[in-house]
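Have a look at the structure below before the remarks.
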Amino acid sequence: MRKLLVVLVLLAIVFAVLNYHPEPAPVSTGFGTQPELPEPETGLIPTVHVAEATGWPEGQTPLTANGLEVIEFAQGLDHPRWIHVLPNGDVLVAESNSPNALSGIKGIKGFVAKRIMKKAGAAVPSADRITLLRDADNDGVAETQSVFLEKLYSPFGMTLVGNTLYIANADGIVSVPYQSGDLKASSQPQEFFTLPSGINHHWTKNIVASKDGSKLYATVGSNSNIGENGMDIEVGRAAIWEIDVATAKGTVIASGLRNPVGMDFGPSGELFTVVNERDELGDNLVPDYLTSVKQDGFYGWPYSYFGQIVDERVQPQKPELVAKAIVPDYALGAHTASLGLAITNGTQAGIQSVFGSGAFIGQHGSWNRKPRSGYKVIFVPFVNGMPNGEPRDVLSGFLDGDTARGRPVGVNFDDKGGLLVADDVGNNIWLVRTKN
């Protein structure tokens, strides 16, 4: 009996040692143009710190920055992820989730990952539809909620070019005709361009159109954390594609972006994206980031991060790629899951003029950091057309101790000076605007 007790004590000590890691520096050290990047931690068991998804208690809302107010623009949605505002002010919402949740993670790790995502509210079936919201009386609440299009395949990004609405499903882009005022699509979607899919470790596909409507830009995330499933299945992934609208031909214009999601154009017209970086290197590695997209640029994944910092876990290495890896413009904190992106030059009315030139970013929130990070909408100021300066909270209060009342995803400006925020745990759309 004494020997058994000794063995149990020794096992407890070993377990504690393997799982010990010091309190990390504040997540704020991983923000900005020159973030503090600690040495990597590669323990036996990675950090798991999930906030259980509960939704919002009756009458409670997120917290806003001074001078702003938040209104529940729409409720009763099914995992709303992304928002597109049409020229007439109607709002399209993609209600969606993974088509084959976490199928790229196998064995015990995959089992644990599925349990984690279920607790975090990310394991619900995909509604596979786009809903149209209309606030005809301009009171900040959508009185019309209409199913615009259904039976899609995990839809996410949407963009309108002329009278054609393009929708990014998990496996490619489809199109439908659109006329101003439509409450429902007039026909079934037509295939336009196939995007890499398969395992879909990262399934979200986002799209934006160039200012003249001649090009679409599409994000495709990686099929793994650091290429552990082999690089053959990563061809065309961890990348941004450019697709010619007239010919439906596309090519990769930027690569090495582990999971690019939100996209928008900066004050000078260049394309920006927010990117989710790799996991299992510690609480403060690797920060997600906001960056301009350089033509034919390589951003490191999976071989390095933040330029030429080599990820030793990835073998074999490719030093010729690492040598040309671009340092991202602005770090957004480790594991914040920065997804939504809406950029303003600060001259428009309402919330945009209050904050000035910069980017509003929806941070979905961590499940693998102690203490937790993200779970808010922030604003990153721009100086001379590039991100620079301290971030500011725009919408917070999504966390309540160990529970998540909501998780912000897509953000977009409405036509009245407000900011719309998709909350896929609260199952609603929030409207942030200046106080009357």
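The values are calculated or read from the model by the stated rules, or taken from the named source; none is laboratory data. From a predicted model like this one, the values you see are computed outputs, not experimental measurements. Here the Cβ positions follow ideal geometry from the backbone for every residue, glycine too, while neighbour counts run over all protein chains shown. Heavy atoms of the whole protein, side chains included, go into the accessibility calculation; ligands, DNA and RNA do not. Shrake-Rupley method; radii C 1.70, N 1.55, O 1.52, S 1.80 Å.
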Those residues that are touching an Asp or Glu at 6+ places or on another chain (Cβ under 7 Å) and of a type outside the set (F, W, Y), I need them from region 294-314; list them, please.
-> P302, S304
Which of the residues spanning region 81-90 are surrounded by fewer than 24 Cβ atoms within 10 Å (Cβ to Cβ) and of a type in the set (V, I, T)?
-> V85
Of the residues that make up region 380-403, is at least one of a type in the set (A, V, I, L, M), over 18 Å from V27 (Cβ atoms), open to solvent by less than 50 Å² (accessible area, probe 1.4 Å) and modelled with pLDDT of 95 or more?
-> no
Under 7 Å between Cβ atoms, at least 6 apart or on separate chains: pull out the pairs that start in region 129-144 with a residue that is acidic (D, E) and end on any residue that is assigned to a loop (DSSP other than H, G, I, E, B) and surrounded by fewer than 11 Cβ atoms within 10 Å (Cβ to Cβ).
-> E143/A136; E143/D137
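Restricting attention to region 332-345, which residues are over 16 Å from the mean Cα position of the chain (by Cα) and open to solvent by less than 10 Å² (accessible area, probe 1.4 Å)?
Selection gives T344 alone.
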Please give the number of the condition E52 fails out of (1) open to solvent by 80 Å² or more (accessible area, probe 1.4 Å); (2) more than 19 Å from Q363 (Cβ to Cβ); (3) not hydrophobic (A, V, I, L, M, F, W, C).
-> (2)
Being touching a residue at least 40 places away in the same chain (Cβ under 8 Å), open to solvent by 40 Å² or more (accessible area, probe 1.4 Å) and either basic (K, R) or closer than 20 Å to V245 by Cβ (or both) is the filter here, so list the residues in region 148-159 that pass it.
-> none
What number of residues within region 347-379 satisfy the criterion of being of a type in the set (A, V, I, L, M, F, W, C) and surrounded by fewer than 19 Cβ atoms within 10 Å (Cβ to Cβ)?
-> 2
Taking only region 221-268 into account, find how many residues are in contact (Cβ under 8 Å) with a residue 60 or more places away in the chain and among the β-branched types (V, I, T).
-> 4
Whichever residue in region 404-428 is over 23 Å from S366 (Cβ atoms) and among the hydrophobic types (A, V, I, L, M, F, W, C) and, among such residues, is surrounded by the most Cβ atoms within 10 Å (Cβ to Cβ) | L420
